[in-house]
Every structure is written in structure tokens, then in C-alpha cells.
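Right, one structure below, let's go through it.
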Amino acid sequence: MTKDISKIDLPILIQGGMGVSISSWKLARKVARRGHMGVVSGTAIERVMALRLQEGDEDGQIRRAFDAFPNRELANRIYKRWHNPDGLAEPGQYKGLTMYGVNPPQHFLELTVIAAFTEVWLAKEEKAGPIGINLLEKIQAPTLPVLYGALLAGVDYVLMGAGIPREIPGHMDQLCQHQSCSLRLNVDDGSTESIPFDPNVIGLNLPPLARPQFLAIISSHVLAMALARSGGVDGFIVEGHMAGGHNAPPRGWSSDSNDEPVYGPRDNPDLERVRKLGKPFWLAGAQNHSEALKEAQAAGAVGIQVDTAFAFCSDSGMDKNLRKRALSAALNGTTRTITEARGSPTGFPFKTLDLEDTEGGRPAEERKRQVCIHGCLRSAYRKEDGSIGWRCASELESTFLTKGGEEGELTDRRCVCNGLLATAGHPHAMKEGGVELPLITSGAYLDFERFLNEKDDYDADAVIDLLGIPYGPMAVA
């Protein structure tokens, strides 16, 4: 049963869920210690966990979280399967991982559940709170085990965008009761399939779990109204097109276009209509300035969500050297954010940083088509025998076409999975030598100079201080 959200202390600042592991537990904990909402990224969380373990878990943080998992036998088994105490023999030389499908193997479900548990558990340490987890509706196959792992760790909020997450509140209710459930999978031909998940495979005997709040990330008041009618949504994060990562397309735009999408007044949500729904909401996208909170609250919002400023701070999960290089380029004016029309295989506009020696800094005509080894953004399609297959417009051209994909879908696509994992410090080795290049997602504004200290760097505290936001009600001294 969901609590009445009007009776709890709501955070006025939400640290956005970014990229693959950019919103790490370290960043989320730091923000939550100030009494605001820290958010961990649930995207590809099972892969990130397996890679961290192969790198050695040198500080022992993962081991500590695994020791807190309610099924110690399972935790020890997963740790032993993936942990390499000596680290990687060569840069990028990771063991291969299964790609998610409708019925993944047992060990992969276990890895996913404990990965989500670990990230949330570490973020919530030191009496920090509240903590949320961010998921993408587009990435459907791992959603239920990720949710369950986060619930086991006591996550306070679930945030979800990149689609229409009507089913998720109901599944949260079921998972809190440790009940089996099935998520509806969207198939390319317009049909649907079910992705089942039974929490009992994790081997726990626990009382019902506390049900977190569910916040839908939306870009239009029309979607907010539809989700409010469907029930179970506790609030909204209204994200504008200046936000980083995937954006909702502008009206009248076609994903076949090679031109950078152009947004206009019609693409702005009607905040008054959102306000009249009677649910709390936060504004996201270009909110990292000192007047943002005041302006948002004047429009009826509880507060704001800030992403890019946190993504490039020293507490984020971005590779340290890459982050410093991106900061330097932004300060020197030698990089900018581009809204790619066709870079992402999802078909949504995608904001990337045009930084030299990264995938975002290479024009389409100079890209060498990568072979995606993670498959996070694959789409389900119906095979001739009626079974489900998976394909991605960023995989090998011949493979995509063999699976029935259309040739026009291949133009200008890049592998987002490989690049985002490289940005988080986990680049994979390539057959031709070297490792995968990073792909940095970013919001439109790169005005980092005001956050910097004498070392030309800044942390999460500096962002909160400059925003002029006081300590929240759950701040830790």
C-alpha cells in the first residue's frame, strides 16, 4: 500500500539518474547526506556489477554490500562467479555477459537483483536518505529483477522515463509482497509478449517490503494526464528538451531526419495543467542556476531535478581522466552538446558531448561501426516461427538485416551501450586492438566555471551550495 505522499517530506532537489553508472552510489549518498534525493542509475546495473567485480573490488565496498544481502549463499555464489582479486590482465579484457531476453538464466537474474540491491544499499548508508533508482521504460527485459533488488535494499523512490510506464506501479505492489508478476514486452510488429519474474527464485523468506514512491519522468502534460488516470503514480518529473541523454522528439519531427531536431514553444509542457492534476512535480532540464528553484516553485513545482552539473562533479561515476578532460574542454569552449537525430538506436533524439577522442567527437561519416556486446537497447521482434528474437540498429549491418531489420534504420547509428560503459570507466577491448571510445551524454548548458574551486574542480556539495538550496529535512551533520 502506498503512503499518502502529501503527508511526507518531499525533497526540493533531486539529483538526476544519469547514464550508465554516472549516477553512482557515491554521488547519490553525497547528495542524500544533504537531505535531498540522491538517485542511482539502474541502467545496465547487472553489467556494471560484473565488470566492477572483475576489476577486483579493491576497496571491498561490493563485498560489504553482498554480506548484507538477505541470502548469503546466493551472494557468495555470485561474488565468487565474477570476482577477480587480481583485477584485469589487460585493459578491457572482461568476461562476456549474457544479453537479457525473455527468460534469462538463473544466475543472471540473481546477479541483477543483487546488483540493484548493492547500489541502493551503499547509497543509503550513513543514515542517508532519501534514495531513488532511475530506470528506462525502453529497457524492459531487466526491469522486474532490478526493481526487486532495489526494493530489498529499501529504495525510497523509483523514477522512470523513456516511455509510458503504466504497469510499473502495479508491479511494485506485487514485488513488495514477493509475488510473481509479468511485464508486458512491446514487440516491433505491434504485438506484445510477457516477461515473467518470480521473486521466489532468489530464495528469500521475508515479510512484505515497504512500497516506495513512484515518479514518472514525462515531457508533456498529455502524458502526465494519461498516467494520472491509470493510477499508482505518486508524482512527475517534467523534463524539458535541454536535458541530457535521450529527449522526447519535437512535434512534427521524423526519426528519418538527419537534421538536428529543432524544438519550439509547442514542445513545452503546460505546467498549469500538470499542477491541476494534484500530484507533486519537479522541473528538470537547464535547472542548474541559482534562480531555478524559485522559478520552479512559482510555477507550482515542489522543486527541481539537476543532472549535468552533478554528472561532471568529482563524486560522479564518470571516468576521472575523461571527466577532467571534458571539464577543461567546456571551459575552453572547445566542446559543445549536440542533439543527434539518429545516433541512438532507440529512434529518440540523443544529446552527446562533441569532445575530441570520444565517440561523440566523431562525425557519422568517420565512425567505424561498432559491434555491440551488451544489447541493452535491443528491440524485440517476432520470428517466422512466432518466437521472440532481438535486434538493434547499432549491431552489425548484416546481422540486423538477416533478422528482418530495415536498411534505412542503419544510417548514422552508433552503439550507445559500449560508449556509455566506457564513459563510466569500463571500456571493452576491441578485436582490432585498443578499447572502446567513451560516449558522453550531457545537457545543453556546459557552464561549469561557477562551480570550480582553486583546483579547477568541484564536488556535489559545490553544486548544491551554488544553487542556494538549504539543507533538507533528512540532512546528516
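Bear in mind these aren't lab numbers, they're just calculated from the coordinates by the rules spelled out. Just so it is clear, the model here is predicted, and its values are computed rather than measured. A quick note on method: Cβ atoms are made from the backbone with ideal geometry, for glycine too, and the neighbour counts reach across all protein chains shown.
Quick notes
- Seen from every direction in turn and averaged, the convex hull around the alpha carbons of segment 233-326 projects onto 8.4 nm².
- Computed FRET value (nearest 0.05) for residue 68 with residue 461, which takes r as the C-beta separation and R₀ as 25 Å: 0.40
- Theoretical FRET efficiency, 1/(1+(r/R0)^6), r = Cβ-Cβ of residue 272 and residue 210, R0 35 Å, to 0.05: 0.55
- Binned Cα-Cα distance frequencies in segment 271-362 - 5 Å width, integer %: 3, 12, 16, 17, 17, 15, 12, 7, 3, 0
- Binned Cα-Cα distance frequencies in segment 70-216 - 5 Å width, integer %: 2, 9, 18, 21, 20, 15, 9, 5, 2, 0
- Both radii are taken from the alpha-carbon atoms of segment 318-477; with Rh as the Kirkwood radius, Rg/Rh is 1.07.
- 3J(HN,Hα) along segment 415-426: 7, 6, 4, 4, x, 5, 5, 5, 4, 7, x, 10 Hz, from the Karplus curve 6.51 cos²θ - 1.76 cosθ + 1.60 with θ = phi - 60°, whole Hz, x for Gly and Pro.
- Additional length obtainable on full extension of the chain from residue 398 to residue 454, 0.36 nm per residue less Cα span: 14.9 nm
- Dimensionless Rg over Rh [segment 7-114; C-alpha; Kirkwood]: 1.02
- Distance cut-off 17 Å, percentage of C-alpha pairs in segment 167-290 lying past it: 69
- Here 431, 324, 138 are placed in order of increasing Cβ neighbour count within 10 Å, fewest first, which gives 431, 324, 138.
- Each peptide in 99-106, 15-22, 130-137 was scored by the mean count of other Cβ atoms within 10 Å over its residues; highest first, the order is 15-22, 130-137, 99-106.
- For segment 74-155, the spread of Cα positions along the three principal axes, ordered from largest to smallest, is 38, 34, 25 Å.
- Beta bridge orientation in the chain: antiparallel %, DSSP, nearest 5: 35
- Computed E for residue 294/residue 407 - FRET, C-beta separation, R0 51 angstrom, nearest 0.05: 0.50
- Three semi-axes of the equivalent ellipsoid, the chain, Cα gyration tensor, whole Å, largest first: 29, 27, 25
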